[in-house]
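What follows is a set of notes on a single structure, which appears directly below.
The values are calculated or read from the model by the stated rules, or taken from the named source; none is laboratory data. What you are looking at is a predicted structure, and each value in this text was computed from that prediction instead of being measured. Backbone-built Cβ (ideal geometry, glycine too); neighbour counts: all protein chains shown. Just the protein is used for accessible areas: all its heavy atoms, side chains included, with ligands, DNA and RNA removed. Shrake-Rupley method; radii C 1.70, N 1.55, O 1.52, S 1.80 Å.
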Amino acid sequence: MFITFTMMFNRGIIPTYMVVRNLGMLDTRLAIILPTAVSVFNIMVTRTSFAAIPEGMLEAARIDGAGHFRLLWSVVLPVSKSILAVVTLFYAIQIWNSWFHTAIYVTDCSLYPLQIILREIVLQNSASSETGDPNEVNVIQVLIKYCVIMMSIIPMMVLYPFIQKYFVSGVMIGSIKG
């Protein structure tokens, strides 16, 4: 119930900023990753997937003398490769597309991820449109925006084929059963 409650009522920006500041994480990469490190949706999908593991398999490992950690490492995780790949992809895309937290927590330009740099390129391009032929400027602005979009999605498109074989089965196994 506590985990589901956090899905409905999200934390605020100001308290989160104060926690990040008080922990000394401003202007670090941890400030980008840690505040969004746990997703309740991903926890629920993973838990549902773990619950689908046959009890007989777990009981056989217990009879063979496996403890809790051995059970996790030797039985549960190898069977759950697909859901772990899916959750990893979800987190990778979430962090890759997250420019807002970086804009709030990081002021050092050397720590900016690609998304912030691409955002700055689009904003500078929009601000410099007052000079020159309006039609030519609009074409250049559109081309720059399209190039920025491609630069932002190509790394995820390269990552996806390696995880695709796990994706469909992982989402279906981890889905909530009705």
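Yes or no, residue by residue, for (1) in a loop (DSSP other than H, G, I, E, B); (2) open to solvent by less than 90 Å² (accessible area, probe 1.4 Å); (3) of a type in the set (D, E, K, R); (4) modelled with pLDDT of 70 or more:
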{"residue": "Q124", "(1), (2), (3), (4)": "no, no, no, yes"}
{"residue": "S129", "(1), (2), (3), (4)": "yes, yes, no, no"}
{"residue": "Q141", "(1), (2), (3), (4)": "no, yes, no, yes"}
{"residue": "Y146", "(1), (2), (3), (4)": "no, no, no, yes"}
{"residue": "I153", "(1), (2), (3), (4)": "no, yes, no, yes"}
{"residue": "F167", "(1), (2), (3), (4)": "no, yes, no, no"}
I need the full set of residues from the stretch 1-46 which are surrounded by 12 or more Cβ atoms within 10 Å (Cβ to Cβ) and free of Cβ contacts under 8 Å to residues at least 40 places away in the same chain, in order please.
T6, M7, T16, V19, R21, L23, L30, L34, V40
Count of the stretch 80-118 residues which are assigned to a loop (DSSP other than H, G, I, E, B), touching a residue at least 12 places away in the same chain (Cβ under 8 Å) and closer than 16 Å to L30 by Cβ
5
Members of the stretch 47-90 found to be of a type in the set (S, T, Y), surrounded by 15 or more Cβ atoms within 10 Å (Cβ to Cβ) and touching a helix residue (DSSP H, G or I) at 6+ places or on another chain (Cβ under 7 Å), listed by number
T48, S49, S80, S82
Search result, residues across the stretch 18-77 that are among the polar types (S, T, N, Q), assigned to a helix (DSSP H, G or I) and either touching a Gly at 6+ places or on another chain (Cβ under 7 Å) or closer than 30 Å to D108 by Cβ (or both):
N22, T36, N42, T46, T48, S49
